[in-house]
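The structure appears below as structure tokens.
The values are calculated or read from the model by the stated rules, or taken from the named source; none is laboratory data. It should be emphasised that the depicted structure is a prediction, and the values quoted were computed from it without experimental measurement. For neighbour counting, all protein chains shown are included, and Cβ atoms are generated from backbone atoms with ideal geometry for every residue, glycine included. Side chains are part of the model used for accessible areas, which takes the heavy atoms of the whole protein and leaves out ligands, DNA and RNA. Shrake-Rupley method; radii C 1.70, N 1.55, O 1.52, S 1.80 Å.
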Amino acid sequence: MRNLKLLKSLRSSELRGPGSPQFLSVRADTGSLLVVSQYAVTEYDPRTGQVTSLTAEGFLPEDGGGVVVGLQDLAELESACLATAGGDVVLFNLNTCQLECVGSVDSGLTSMSWSPDEELVILTTGQETIIMMTKEFEPITEVGIHQDDFGEGKFITVGWGKKETQFHGSEGKQAAQRKIQAVQPAAGWDDRRPRVTWRGDGQLFAVSAVCPQTGARKVRVWNREGVLQATSEPVDGLEEPLSWKPSGSLIASTRRHPNKHSVVFLEKNGLLHGDFTLPLGKDQAKVKELLWNSDSTVLAVWLEDMTAGEDGWLWTVGNHHWYLKQSLDFGGDRQAAPVCVCWDPERPLRLHLARRDWTCITHDWGWTTERSPGQDAADNANVAVIDGDKILVTTFRQGVVPPPMCSFELQLKSPVNQVTFLCRPQGTNQLAAFTADGRISVYRQSGVGALQDDPLPLRQLLWLEDELFVGVVSGLVPTSSTVQMLRPAPDDQDMLAVRSANGRSSYCPDPSVEVWRDSTGCNINFPVPCVQTSLCSVGGEEYLLGLTDRSHLYAGDTELASSVSSFAVCNDFLLITTHSHTCRCLQLSALSVKGLQAALASDGGQNDETQRRVERGSRIVTAVPGDTRVILQMPRGNLETVNHRALLLAQLRKWLDSLKFREAFECMRKLRINLNLIYDHNPKVFLENIETFITQMNSIDHINLFLTELKEEDTTCSMYPRPEGSPIQLQPVSGQKKVDVVCDALRSTMETMDPNKFCLSILTAHVKKTEPELEVALQKVHELRAPGAVSAEEALKFLLFLVNVNDLYEHSLGTYDFDLVLMVAEKSQKDPKEYLPFLNMLKSLEPNYQRFTIDKHLKRYRKALLHLSKCGPEHFPEALRLVREQKLYSEALRLFAANDAQYKALSCAYAEHLVEQQQAEQAGLLLWRCGEFVGALQAFAGSSSWRNAICVAQQIPLPPDQLALLARDLAGNQKLTEQRRYSEAALLLDQYAKDCEEAILALITGAVWEEALRLIYMHDRQDITETNLKPALFDAVSSHTVFLEAQVATFARHRARLAVVREQKEKARLDMLDEDGPDCPDAELYSEASSVMTGSKYSHSNSRISSRSSKNRRKAERKKLSLKEGSPMEERALMYALGEIVTTVDKMREEVHNLLKALVLFQLDRQAEKLQQTFEEALQTTEAALPEVWPDGIQNNNAPSTLLYTLFYLNAYLICQQIGGSNIFLCLLYFLSLFVDVEVMAPPRMRSGVKWKLTILK
């Protein structure tokens, strides 16, 4: 739904040359025009008006009778090639102005055409032949134009019957009897010359020539090698214009019918493929040329009207309909009529014309969508589409009408070139049209203006007021323009001359023109000319937005974005579509220009409401003011209406702020917006205006729909984030969940307003709470008896719609109301044989036992136990069985008094359960407090709780001999010694078993030397000193010395191996840096690695290790910390082993100190000195190695991520080196899984503050 808008028109009459122009070509490198006449070649720059006569002498006759049949600019050769009818092919060097004849044909030439890549040239000769040559003018082939053969693409008949017996569509059976009419010869004004045109990719070219046998034109298609591919079917009335669409799909020509004149399209196989009719009468005009622009969007038709002079038409296609967008009326003056027309090769919408009087005209068009500029609901969102002498108007506020259809048509007397809408508020639905005859026609008003002599005299037409138009016309020189103000009365017209500069913006206060300046006083200029502009306010400051033909969007001189295909300003929002197939919508008042620039540069997040995906090539047609609809047009021409999320949410927020809940709800329901936004937008306001919400809804169904969609999720944080800068609405702090708050608030308000009317909604509020109140809802259904209210049956049906019938039946059963249960059961699909016997059985039971039975059936065991406890002692065995089955021990103990027999039985049962759960000590406490001392003693003894066991034994009380036996069992048999609790075992043996010798031996075994000496002297058993104590001291010294020496040796061995591993790692790092180069940015990273093993000979096939059990996890950890040489984790394993040795040695300080004191006491100084020296050496060795084993880089806890990446890259490199790089992907995956749990190992801390040495020893 776009129109062509004339942006710039450059006209120069200074160009003068000998003769009259015959051919026109555009230089691709400079943009200047090459005009050739029968005497000379002239170069003209339309931007500066500079004229350069390239030659005044040439290969043409001096009498002016020469004819040029072709002209082509060759940018690569920096030359121009022209061909004459006399047969000469001349190459003119544009730098040296030298002429060179590169070939000559005796029979003369009729046309010349170069391929698009300028690699081949086609010449047609006077002998009806085609000569194909290279760009060096070396002949490739010469063939005759007229071939008897169809070509290589000849159709194959598969024998499916004759044409007369086939289906003929809407033509009916008459088509079978229709005789093939003979093709009429070409018209008398046909010049009989061949026409040559190339496909855009240069692989095929077509030749239209008059067939000698029939005298009619026929089109033949040839390939790049000069081989005939296809011949067109006989087309009656085919004319000489021929142009192949650059995109390669169709060949355009013209055809004269008995009653009409049309443009026809042929496929490359020669078959017709569609057409459109020219608005001409019979024999009214002669089509001289068809020209496609470079991007195949516009087809120019240059024709000569037999009565009114020459015309030029620009046609476009959309949705399989051809639109006449521009009409150039050149009048009846032959000198003013163009003789040469061509499109610019670089700018698709630039057209060059040369007239007989050497006046050169350059027109620049741009695509535009003519939409009404209103910003309120009074504007109908009109879009006007030009189609010849009709204006197709679509009012998108009322509905979307796909083109080429429309809401209504405006028929004018002559073709329309421009359309504009009135800019005055409340009048934006009025439009004016500027037609090709120079008139302005106002819709619903009389036209004003006068006929003009030149085509397109006015451009940039703007309807400012009811009786004021402003337009731009070309000035006297190419670099000037004139702003013309038009009023109905001729004497009120004012002409104001303005010197234009590219990108300069001006505004027109009547009757002067001033340069527009911003708030800082600087001129507002676009860096490059823009084809579409729009005025808007960004961050409270006025800006002019402009879009260039290169898809750059500017705000003044600031570039906002590139790759923008279209834009529109709707109210406070900027809508744009991009070439990356997205539609962005940004609120202008909330952004500055820099913020707008940053927003357009960002990709947006997952829930970014400002961006949405659209179909490839979509463009904005219009946005309905005051609405959320945006109309997009697809490349094929069809329309699509989208409700952009940003526009939609902005409108919803506006409605919710103004308490228009009804409008917001209807829109959200229609466009599938989560209804939680009604509450989440402003919870406080919603809760304060619940009655307004209910009143506006005025529909039970709508309220129920709102309630059923409630979720705990805050949609303003997840689905619909608030715009930046908007105030954050906090949730009311009540400790309740959101769903419960809304349901309770709505329910209480509806119960206050009209409980009968809102009965179903009240039930919904009960059911939709986080903990559904089904019993309350069922009770309310049961109580429905009021007149005018919803019947109980209807309410129950509604509940069954919300809740599963089985769940509702069970909840009704849980109310213990059998009438309600029967009502629910009758509405369900249950068989009466299923529930009636059960209900009858329940009715026959005692009330408490009845409720117990119901709760047990519903698996509400706690309630069942409560009711069963009220049924009396005769039902206690059943209660105890229920407690055992459901493990309700704690709940059961609370239901009975502590002095009851039931309480004691429950305690014993609970104790049995605790013993099974390996919690014997807690079981003993239960049994002890309820008087079951024997059971408590067994429980305490089994849990090694010897103190509680002794207390219970003395409370029983046990005889002294049994108490001594119990103490001996607790000390020895009950694993106190196995648990290395030697001091506690000695206490039991000494005080309760009265066995001092066993107590002393237990202390000696546990190396508690001082306590053993105390008991020896307390019981006067010095004999034990010689028999047991001293030998134990000798054994302890020996074992400690051997252990320390072994630890030191292992530490030295691991330390040496660690140095070798790190040396190999450093060598590998240097090798890698040599490959990456000396300036590798990751050079410092590799020095931080701490657990890399080089030269690994092990491979792992199981990169994922199962972690289903702790046993497997421990096994996996041991496998990772393998100390085998060459294992992948050897360095980490060595560091771990060294740390274990340091920790073990450091923990021996207290034990060695106590042993040294005992040795000195018994004058074993030599053994004590040796032990002290050995232990001191072990401590010094380990402490001195800490900085070497744990360097500062590894001790730094702030670098784990760097270490991880270093390990990953370095190990992957090393393994890939070993396997030859054949499986690098698996290596990377393996090491990613292997090192994902690597942590920086901190060095162990040594307790230097513990005093263990004896100064009395040397």
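Could you please state how large a percent of the accessible area of segment 734-866 is carbon and sulfur, counting protein chains only and using a 1.4 Å probe? Intermediate results must be reported in sequence, preceding the final value.
Values: 3390 of 6750 Å².
C and S atoms contribute 50 percent here.
If I compute solvent accessible area with a 1.4 Å probe over the protein chains, what percent of it on segment 194-233 is carbon and sulfur?
With neighbouring chains kept in place, the figure for segment 194-233 is 45 percent.
Over segment 856-982, how many percent of alpha carbon pairs lie in each 10 Å bin up to the one with the longest distance?
The calculated distribution, bin by bin, is 13, 36, 26, 16, 8, 1.
So how much accessible area does M841 have, in Å² to the nearest 10, using a 1.4 Å probe?
Accessible surface of M841 is approximately 80 Å².
Any chance you could list P(r) for segment 603-729, counting all Cα-Cα pairs in 10 angstrom bins from zero, rounded to whole %?
Using 10 Å bins, I get a P(r) of 11, 40, 31, 15, 3, 0 for segment 603-729.
Where a Cα-Cα gap under 28 Å defines reach, which lysines qualify for K260, not counting those fewer than 8 residues away within the same chain?
K163, K173, K179, K218, K245, K268, K282, K286, K288, K325, K390, K413
Hey, can you find the accessible area per residue of segment 1001-1048 for me, probe 1.4 Å, expressed in square angstrom?
With the other protein chains kept in place, segment 1001-1048 gives 51 Å² per residue.
At 10 °C and a viscosity of 1.306 mPa s, what translational diffusion coefficient does Stokes-Einstein give for segment 539-656, taking Rh as the Kirkwood radius over Cα pairs? Give it in µm²/s as a whole number.
The Stokes-Einstein estimate is 110 µm²/s.
Could you tell me the distance between the Cα centroids of segment 1054-1072 and segment 1130-1182, to the nearest Å?
One Cα centre to the other: 31 Å.
For E793, what accessible area in Å² do you get when you roll a 1.4 Å probe over the heavy atoms of the protein chains, rounding to the nearest 10?
Its heavy atoms expose roughly 90 Å² to the probe.
Starting from the 7 Å offset along Cα-to-Cβ, what nm value, one decimal, do you get for the label separation of E916 and A378?
Each label point lies 7 Å from its Cα, and together they span 8.6 nm.
Averaged per residue, what accessible area in Å² does segment 249-345 show with a 1.4 Å probe, protein chains only?
On a per-residue basis, 38 Å².
Just the accessible area for W222, please: 1.4 Å probe, Å², rounded to the nearest 10?
10 Å²
How large is the direction-averaged shadow of the alpha-carbon convex hull of segment 368-417, in nm²?
Across all orientations, segment 368-417 yields a mean hull projection of 3.8 nm².
Gain in length, E119 to A187, computed as 0.36 nm per residue apart minus the alpha-carbon separation, to one decimal in nm?
Numbers: separation 68, 0.36 × 68 = 24.48 nm, distance 3.50 nm.
Between E119 and A187, full extension yields 21.0 nm more.
Could you go through segment 1177-1187 in sequence order and give the Karplus-derived ³J(HN,Hα) for each residue, using 6.51 cos²θ - 1.76 cosθ + 1.60 with θ = phi - 60°, rounded to whole Hz, and x for Gly and Pro?
3J(HN,Hα) across segment 1177-1187, in whole Hz: 5, 5, 5, 5, 4, 5, 5, 5, 8, 4, x.
Could you pull out every residue, at least 5 positions away or on a different chain, whose amide H is within less than 5 Å of the one on V621? Hs are placed 1.01 Å off N in the peptide plane, and Pro or chain starts have none.
Sorted by chain and number, the residues that satisfy this are I631, L632, Q633.
Enter the accessible area per residue of segment 533-689 (Å², integer; probe 1.4 Å; all protein chains in place).
Result: 42 Å² of accessible area for each residue.
Can you tell me the Rg and the Dmax, both Å, for the Cα atoms in segment 210-303?
13.4, 42
Using a 1.4 Å probe and counting only protein heavy atoms, arrange D744, D518, D819 so the residue with the most accessible area comes first.
D819, D518, D744
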